[in-house]
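Below is one structure, written out as structure tokens; comments come after it.
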Amino acid sequence: MSAIDLARALDWAAAEGWNPGLDDARAFQIADARGFLVGLDDGEPVGCVSAVRYGDDFAFLGFYITTPQARGKGYGIQLWNAGMARLQGRNIGLDGVPAQQDNYRKSGFRLAWRNIRYQGPAAARGLPPPGVALVDAKTLPFDGVAAYDRRFFPAPRDGFLANWIGAPGHVALAAIRDGALAGLGVVRPCRAGFKIGPLYAADAAIAAALISGLCERAGPGVVALDVPENNAAAVHLAESLGMVPAFETARMYTGTDPEVDAAGLFGVTTFELG
């Protein structure tokens with residue numbers, strides 16, 4: 001995709017109700033400039049898929065859309081096959097709608113867990129626990145932030161992460177305890193309201209403080225948080241804040257589940273890129 005293609009694809013995503021972030025296009029292309037494919041029918045864009053490579057052996061597939069008028073013509077499977085071919089030989093992840101799980105299984109994916117989108121009014125509801133300070137993540141040495149991110153994501157993604165933290169309108173907070181990172185969260189403005197992601201924390205109290213700090217800085221509006229269902233503390237936290245389920249995805253992989261700190265993963269970064 002060109003930049004124009006990706007902007008168009010984000011409009012398609014918005015029409016599907018995915019509510020993309022206002023600055024997602026630039027961050028997405030930084031993740032893998034050649035990882036976003038557009039399908040053309042006689043020169044006319046009719047669909048897209050992302051096939052983003054991370055490191056040497058991990059990848060994520062998403063952004064899988066065909067336009068309503070192009071559906072039922074076999075274009076979607078051609079895009080899917082092109083994306084899968086680009087990622088051949090890697091452990092591939094995706095966040096897909098549950099209704100498509102059986103189709104994904106036919107391509108070699110298996111269910112790992114569900115992610116549930118919780119959303120509700122932005123709320124600032126408390127101070128950090130004793131001994132924990134919230135600071136602007138952009139002020140910290142980036143190497144340390146990137147190393148912390150690697151605890152929760154299966155591969156390096158330094159270019160994407162640097163842009164995600166520093167993008168216009170994004171607010172990134174780090175929780176510091178005893179001089180070390182104990183949490184990280186980013187909130188970004190979307191077509192409607194805001195989304196928090198990623199959200200990492202050593203415990204639920206720190207996660208709650210990060211949500212509070214991010215919401216306070218983001219301003220009024222509905223906030224969404226995509227919670228891995230296999231983290232019971234994260235589910236309980238979202239529900240305790242009055243957020244309600246609005247959507248869910250099936251997190252699936254072609255290989256084994258990546259080794260990440262699942263207990264500290266309170267919110268995934270984005271369904272399109274993992």
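Rounded is the label for region 117-267. Its Cα gyration tensor axes, ordered a ≥ b ≥ c, give a/c under 1.5. With neighbours defined as other Cβ atoms within 10 Å of a residue's Cβ, the residues Glu272, Glu16, Glu239 order from fewest to most as Glu16, Glu239, Glu272. Across the options Ala180, Tyr118, Thr139, the greatest Cα extent toward the positive end of the charge dipole of the chain (unit charges at beta carbon of Lys, Arg, Asp, Glu) belongs to Tyr118. From its DSSP helices (H runs of at least four residues, each -39,500 (n - 2.57)), the chain gives a residue-normalised ellipticity at 222 nm of -8500 deg cm²/dmol.
A Cα-only calculation for region 68-176 places Rg and Dmax at 19.5, 59 Å.
Centre-to-centre, using Cα atoms only, region 119-157 and region 6-42 are separated by 26 Å.
Cβ crowding within 10 Å ranks Tyr200, Tyr75, Tyr118 as Tyr75, Tyr118, Tyr200, fewest other Cβ atoms first.
Each listed q (0.11, 0.13 Å⁻¹) maps to a log10 I(q)/I(0) for the chain, found by the Debye formula over equal Cα scatterers with no solvent: -0.59, -0.83. For region 1-143, the relative contact order works out to 15 percent when only alpha carbon pairs closer than 8 Å and six or more residues apart are counted. Shape analysis of region 1-150 yields a ratio of the Cα radius of gyration to the Kirkwood radius, Rg/Rh, of 1.03.
The slack in the chain from Ala7 to Gln101, taken as 0.36 nm per residue of separation less the alpha-carbon distance, amounts to 31.1 nm. By other beta-carbon atoms within 10 Å, ranking Ser212, Ser107 with the fewest at the front produces Ser107, Ser212. The phi torsions of region 186-203, fed into the Karplus equation with coefficients 6.51, -1.76 and 1.60 and a -60° offset, translate into couplings of 10, 10, 9, x, 10, 4, 9, x, 9, 10, 9, x, x, 9, 10, 7, 5, 7 Hz, rounded to whole numbers, with Gly and Pro shown as x. GNM on the chain, alpha-carbon springs under 10 angstrom: the most fluctuating residue among Ile211, Ile65, Ile196 is Ile65.
Less than 5 angstrom separates the built amide H of Gly267 from those of Leu199, all sequence-distant by 5 or more or on a different chain. Sequence-distant contacts, meaning Cα pairs under 8 Å at least 6 residues apart, place the relative contact order of the chain at 24 percent.
Given their separation in residues at 0.36 nm each and the Cα-Cα distance between them, Ala180 and Asp57 gain 41.4 nm when the chain is fully extended.
When the Gaussian network model of the chain links Cα atoms closer than 10 Å, the mean-square fluctuations of Ala59, Ala207, Ala147 top out at Ala147.
Every number in this text was worked out from the coordinates using simple rules, so none of it is lab data. Just so it is clear, the model here is predicted, and its values are computed rather than measured. Methodologically, a virtual Cβ is constructed for each residue, glycine included, from the backbone with ideal geometry; neighbour enumeration extends over all protein chains shown.
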